[in-house]
Amino acid sequence: MISIQLPDGSRRSFPGPVSVAEVAAAIGPGLAKAALAGKVDGKLVDTSFVIDRDAQVAIVTDKDPEGVEILRHSTAHLLAYAVKELFPDAQVTIGPTIENGFYYDFSYKRPFTPEDLAAIEKKMAELAAKDEPVVREVWERDEAIKFFESIGEKYKAEIIAAIPPHETITLYREGKFLDLCRGPHVPSTGRLKVFKLTKVAGAYWRGDPRNEMLQRIYGTAWPTKAEQDAYLNMLQEAERRDHRKLGRELDLFHFQDEAPGLVFWHPKGWAIWQQVEQYMRQVYRDNGYQEVRGPQILDRVLWERSGHWEKYREHMFTTESENRVYAVKPMNCPGHVQIYNASLHSYRELPLRYGEFGSCHRNEPSGSLHGLLRVRGFTQDDGHIFCTEEQILDECVAFTALVQKVYRDFGFTDIKYRVSTRPPQRIGADELWDKAEHALMESLRRAGVPFDVAPGEGAFYGPKIEYALKDALGRQWQCGTIQVDFSMPARLGAEYVAADNSRQVPVMLHRAILGSLERFIGVLIEHYAGALPPWLAPVQAAVANISEGQAAYAEAVAHALKKQGFRVEADLRNEKIGYKIRALSLQKVPYILVVGDKEMQNGTVAVRARGGVDLGTMSRDEFAARLSEDVAQRRQVGGTA
């Protein structure tokens, strides 16, 4: 007899080996129909998987995150199947799932068109309607390579040849289509009912620009049409909010080929930057940080000692001078240790907190660059805390509270917390990793917040908490982090004098709240759809005259508000006031102050808040007080129009 323990603790007995599908059927016909896969002793398997021993079994449906992932992965295979049906000469390469969807890369003699995408999606629906079984097959390595070479699929053959010798080669067959995959997959194509192809993009084979440019077809798949419709609507709204589009429309910044991945900030964009940086500079001052500045380039030897050269060399820009190799810094931590090491510190000085708006450069692949969200040159609100082991917990608890306040001030109240633990390739003793991971998890427990654990995703020198904020569309952006590092201070010779006069190595906490300022500003622009609250808006108010007779008064109003420290412009163009209001509204200015003869005679302004909200007439001092309060409270005004 085989005993199967279910998630609710109950058990089912079977006289002999039993498949996951049969277990589901024994529980009930509804579950048998809904089953997409199984989890046997924690491992995801197909419903056809046969259990030949006592085991813990869970049935996976589209109500489970793993089930949705399987739906999307299976739909990627369906996409490849459809492409091969319509374009037999196309070669299939890889097709993984991604957040909210999937993609598949193809090599084909011409670019796929929107018409091709529509035809492929139609063919996918036809193939799904056939409800063909999806069958797992185990092949010999050489046999599989020979098979794919024989049908002209050189990429698949290359992938199989690179699989480690000890791994099993599994293929999945659906109808006439056979594809390499670990699985698991849905039982049949009929389970794939709700999907949509979204776009085509270029992608280099294996992400290497020296290789062939492939065509990547993106798609999404969901358990229900309602969920997919909501997602597609979100995509439309995300396109409207795209910071690259708004950056052009609002004259904030631009990129060009002569400086890939580097930002040209325009005056209005730089005004936003300054508000963000000055706010964070105040955060430094209010929370005991000393602002420092490290060099842009450091000798290769220092990067070798820190461990970065081995781990990040391919992402570093290097330069040479007088037979010495230097790296343009991709991060600030080794420089901060050098500042710490410049003098001898007592335990009484700890914790010692350094902060820097550090300009960093990383040689990101050109294909991964994405506006402000993925750049090669960026500035971090970077900080490092040198402390004793006993101070780690308090510092981490305080940092989480600080992150929450900062995000709240910028308009983000929903934060997700994740602890990333030790990776396979790391430095430092396991007992130190135990202490570091415990401190991070305990700090979040003390903060009273739920958190996830991501095994193996920590930095090579220490575990970390990742803080991800949710924007107006519900998208998550991982920005802040704090990392506990027992190793790098020792590698770079950092010490302090303990109470017993012995020399001890401090613990180093790497921390950032916004992360990359460029990326954070991109997130801000999309969160607010460009309609930033007055404290961040590049132009807080614009004064528009109705006719030439009020031009001098409009200019005087603007000048007076500027002297009070506000960012104000005067629109004195020889245009109708309706045209001016429309143009300023499109620029998402929080307040438009209209002045005509009546306002000029009374020394007042007619105030319109963003979104066309008429606030009536008020004195210049009344408006200044209102704007000042908006800035102090960091509140939003009007809508996004």
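Just to verify a result, which residue in segment 314-336, among those that are of a type in the set (A, V, I, L, M, F, W, C) and open to solvent by less than 60 Å² (accessible area, probe 1.4 Å), is farthest from Tyr461 (Cα to Cα)? Walk me through how you get there before you give the answer.
We begin by selecting, within segment 314-336, every residue of a type in the set (A, V, I, L, M, F, W, C); these are 316-317, 325, 327-328, 331, 333.
Checking the rest, the ones that are also open to solvent by less than 60 Å² (accessible area, probe 1.4 Å) come to 316, 325, 327-328, 331, 333.
Numbers: Met316: 18, Val325: 24, Ala327: 20, Val328: 20, Met331: 14, Cys333: 12 Å.
Once the filter is applied, the top-ranked residue is Val325.
If a residue has to be under 23 Å from Gln504 (Cα atoms) and of a type in the set (Phe, Trp, Tyr) to count, how many in segment 304-356 make the cut?
Qualifying residue count, segment 304-356: 3.
Give the number of residues within segment 291-308 that are open to solvent by less than 20 Å² (accessible area, probe 1.4 Å) and of a type in the set (D, E, K, R).
Number satisfying all stated conditions: 0.
For segment 178-201, enumerate the residues that are in contact with a helix residue (DSSP H, G or I) (Cβ under 7 Å, 6 or more places away or on another chain) and of a type in the set (Gly, Ala, Ser).
Gly190, the sole residue that qualifies.
Given the residues Ala226, Ala259, which is the only one that is open to solvent by less than 50 Å² (accessible area, probe 1.4 Å) and aliphatic (A, V, I, L, M)?
Numbers: Ala226 fails: open to solvent by less than 50 Å² (accessible area, probe 1.4 Å).
Of the residues listed, the single one that is open to solvent by less than 50 Å² (accessible area, probe 1.4 Å) and aliphatic (A, V, I, L, M) is Ala259.
From the list Val301, Val292, exactly one residue is under 20 Å from Ala512 (Cβ atoms) and of a type outside the set (Ser, Thr, Tyr). Which is it? Write out each step before concluding.
Working: Val301 fails: under 20 Å from Ala512 (Cβ atoms).
That would be Val292, the only listed residue that is under 20 Å from Ala512 (Cβ atoms) and of a type outside the set (Ser, Thr, Tyr).
Check whether at least one residue in segment 209-220 is within 24 Å of Leu79 (Cα to Cα), without any contact (Cβ under 8 Å) to a residue 24 or more places away in the chain and open to solvent by less than 60 Å² (accessible area, probe 1.4 Å), and report yes or no. Give the steps one after another, and end with the answer.
In the first step, residues of segment 209-220 are kept if they are within 24 Å of Leu79 (Cα to Cα); the result is 211-220.
Remaining after also requiring without any contact (Cβ under 8 Å) to a residue 24 or more places away in the chain: 211, 213.
If we keep only those that are open to solvent by less than 60 Å² (accessible area, probe 1.4 Å) as well, we get 211.
Yes, that holds for at least one residue.
Does Ala238 meet the test of being touching a residue at least 60 places away in the same chain (Cβ under 8 Å), open to solvent by less than 30 Å² (accessible area, probe 1.4 Å) and either within 30 Å of Val68 (Cβ to Cβ) or assigned to a loop (DSSP other than H, G, I, E, B) (or both)?
yes
Where in segment 386-505 are there helices (runs of 4 or more DSSP H), lying fully within it, with 3 or more residues that are open to solvent by 30 Å² or more (accessible area, probe 1.4 Å)?
Details: elements: 392-409, 430-447, 488-491.
In segment 386-505, the matching helices (runs of 4 or more DSSP H) lie at 392-409, 430-447.
Does His527 qualify as being closer than 19 Å to Asp382 by Cβ and touching a residue at least 60 places away in the same chain (Cβ under 8 Å)?
On the way: closer than 19 Å to Asp382 by Cβ: no; touching a residue at least 60 places away in the same chain (Cβ under 8 Å): yes.
In short, no.
Considering Lys245, Lys311, which residue is under 27 Å from the mean Cα position of the chain (by Cα), basic (Lys, Arg), under 20 Å from Cys360 (Cβ atoms) and open to solvent by 60 Å² or more (accessible area, probe 1.4 Å)? Talk me through it step by step, then tell me what you get.
On the way: Lys245 fails: under 20 Å from Cys360 (Cβ atoms).
Selected residue: Lys311, the only one of Lys245, Lys311 that is under 27 Å from the mean Cα position of the chain (by Cα), basic (Lys, Arg), under 20 Å from Cys360 (Cβ atoms) and open to solvent by 60 Å² or more (accessible area, probe 1.4 Å).
Report the residue count in segment 309-357 for those that are under 22 Å from Asp208 (Cβ atoms) and polar (S, T, N, Q).
1
Could you tell me whether segment 23-38 includes any residue that is closer than 18 Å to Val134 by Cα, open to solvent by 40 Å² or more (accessible area, probe 1.4 Å) and in contact (Cβ under 8 Å) with a residue 40 or more places away in the chain?
no
Starting from segment 453-470, take each residue that is in contact (Cβ under 8 Å) with a residue 24 or more places away in the chain and among the basic types (Lys, Arg) and list its partners that are part of a strand (DSSP E or B) and open to solvent by 10 Å² or more (accessible area, probe 1.4 Å), counting only C-beta distances under 6 angstrom and pairs at least six apart or across chains.
Within 6 Å, the pairs are Lys464/Thr481; Lys464/Gln483; Lys470/Gln476.
When the residues of segment 296-332 are filtered to those that are farther than 18 Å from Phe378 by Cα and of a type in the set (S, T, N, Q), which remaining residue is modelled with the lowest pLDDT?
Ser306
Would you say Pro165 is in a loop (DSSP other than H, G, I, E, B) and modelled with pLDDT under 95?
Numbers: in a loop (DSSP other than H, G, I, E, B): yes; modelled with pLDDT under 95: yes.
Answer is yes for this residue.
Just one of the numbered conditions (1) in contact with a Phe, Trp or Tyr (Cβ under 8 Å, 6 or more places away or on another chain); (2) at pLDDT below 95; (3) of a type outside the set (A, V, I, L, M, F, W, C) is not true of His73; which one?
All conditions are met except number (2).
Does segment 363-381 hold any residues that are in contact with a helix residue (DSSP H, G or I) (Cβ under 9 Å, 6 or more places away or on another chain) and in a helix (DSSP H, G or I), and which are they?
The answer is Gly367, Ser368.
The values are calculated or read from the model by the stated rules, or taken from the named source; none is laboratory data. Bear in mind the structure is a predicted one, so any value in this text is a computation, not a measurement. FYI the Cβ positions are ideal-geometry reconstructions off the backbone, even for glycines, and counts take in every protein chain you see. These accessible areas exclude ligands, DNA and RNA; they are computed on the full protein's heavy atoms, side chains included. Shrake-Rupley method; radii C 1.70, N 1.55, O 1.52, S 1.80 Å.
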